[in-house]
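Only the coordinates and a few stated rules stand behind these numbers; no lab work does. None of the values given here were measured: they were computed from a predicted structure. Note: ideal-geometry Cβ built from the backbone for every residue, glycine included; neighbour counts use all protein chains shown.
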Ligand code: MLT
């Protein structure tokens with residue numbers, strides 16, 4: 001069932017917890033697409049999966065862009081605040097542990113997850129960012145002490161230039177986060193290696 005309240009159309013699937021996976025899809029997908037991945041990555045977790053509210057030629061995404069890889073930062077910042085508000089409301093509505101929210105984002109979803117880390121430190125304590133870019137360069141690094149992040153890049157990804165996840169890694173590390181950047185033998189699409197490494201990282205970083 002798709003829920004349409006709390007500010008975002010979303011799916012919530014109750015697990016045993018205590019962790020909740022905040023699933024953030026890529027451009028053109030929706031709130032249903034990452035549920036199987038979430039279930040595979042952390043079988044006991046609750047799954048919270050919003051649909052991005054921006055439409056680009058009919059394709060949902062989480063914020064506007066001016067061109068491929070060129071973000072409308074003003075819109076990104078506003079949408080990131082909305083997403084943080086949604087997580088807060090969903091945490092209360094579904095009685096979730098706010099200290100156990102783990103983001104799993106792919107592509108556009110990984111980019112807004114990165115923005116959530118930079119603008120709302122503490123909302124997510126662990127994040128798996130699949131094919132992420134640096135969302136924007138903040139004036140000051142936030143305090144991300146205690147936050148753990150896995151960035152999974154594709155070695156031959158034509159959409160995400162390698163400097164961008166590297167700069168994201170550097171920035172998150174300078175902010176006090178524990179960061180791992182892994183490179184998969186893949187393009188922009190997800191591979192089995194992404195899933196296996198994320199599974200292992202989630203098991204080890206709990
Ligand atoms: C973005 O716009 O967030 C990135 O270019 C990834 C994408 O959605 O294609």
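In the chain, helical runs assigned H by DSSP with n ≥ 4 each contribute -39500 (n - 2.57); averaged across all residues and rounded to the nearest 500, the mean residue ellipticity at 222 nm is -10000 deg cm²/dmol.
Put simply, when 130-138, 36-44 are sorted by average Cβ atoms within 10 angstrom per residue, most first, you get 130-138, 36-44. At the listed q of 0.33 Å⁻¹, the Debye profile of region 1-47, built from one uniform point per Cα, gives log10 I(q)/I(0) equal to -1.26.
Antiparallel beta bridges, as assigned by DSSP with both residues in the chain, represent about 30 percent of the total such bridges.
Hull volume per residue, based on the alpha-carbon atoms of region 10-92 and their convex hull, is 90 Å³. Using the alpha carbons alone, the radius of gyration of region 49-170 stands to its Kirkwood radius in an Rg to Rh ratio of 0.95. Pairwise inverse Cα distances across region 59-131, averaged and inverted, put the Kirkwood hydrodynamic radius at 12.7 Å. Summarising the overall dimensions of the chain from its C-alpha atoms, the Rg and Dmax are 15.3, 41 angstrom. The share of C-alpha pairs in region 128-206 whose separation exceeds 22 Å stands at 23 percent.
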